[in-house]
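Remarks on the structure that follows.
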Amino acid sequence: MIIAIDPGITNCGINLSTKVKDKLKILKTINIAGSRKLREQDEIDAAEAYGERTGKLLRIASAVKDLILENPQVNMIVLEAPFINMRRPLAFASLLEVLHTIKYTVALPNQLKICVVEPKLVKKVFAGNGNAGKEMMREAMEKHVSKGKVILKGFTIEDLSEHEVDAGAVAYTFYFDAPDVKKVTTKNKKKKRG
């Protein structure tokens, strides 16, 4: 069982998924959306002390930690790799911060493996086009669900934000048709969590 993440400070798609035979089963999905207003006191305190971004990062890490606590059989976190958008080069820094926050505050303390998947590979494997946009990714999700390759448990495609669709595509890429993904996996010694 894995947690797949489409990282972002403003919007972050997260899902809990597993492979059942030749199908991807998405068990739970979360979109940390808007993140403009911090809600929890620890997030507010962190934002006041270290900047608003820190509070948002804590919210994302907290959601992932909660999934792990609820699902101790999780053995890996798979994230879409940060990329540089030349129109918004500073966005790369926030994507990198999400990745490092998950790595150092969630994966390492819980002795979970972490895997990073290139965005173009995700789009190529999931939608058949390495430059697929958000609409094409949603259409690909609809196709995979209608063909039974992806199973959504307790929700429909209409319930998913574009970021949750992308997190599903990250999980799909990890489980299917992407042998190169295993090459970028970091391994941690597995300890019993308790």
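The values are calculated or read from the model by the stated rules, or taken from the named source; none is laboratory data. Because the structure is a prediction, the values reported are computed rather than measured. Positions of Cβ are backbone-derived with ideal geometry, glycine not excepted, and every protein chain shown enters the neighbour counts. Just the protein is used for accessible areas: all its heavy atoms, side chains included, with ligands, DNA and RNA removed. Shrake-Rupley method; radii C 1.70, N 1.55, O 1.52, S 1.80 Å.
Once the Cβ-Cβ distance between K147 and K113 is put in as r, and R0 is 35 Å, what FRET efficiency do you end up with, to the nearest 0.05? Efficiency at R0 = 35 Å is approximately 0.75. Label separation (F155 vs F92): 3.1 nm, computed from points 7 Å beyond Cα along the C-beta direction.
In this simple spin-label model, placing a label point 7 Å from the Cα along the Cα-to-Cβ direction at both N71 and V20 gives a separation of 1.3 nm. Between I84 and E139, the distance separating the two model label sites (each 7 Å from Cα on the Cα→Cβ line) works out to 3.1 nm.
Counting only protein heavy atoms and a probe of 1.4 Å, the accessible surface of region 50-161 is 55% carbon and sulfur.
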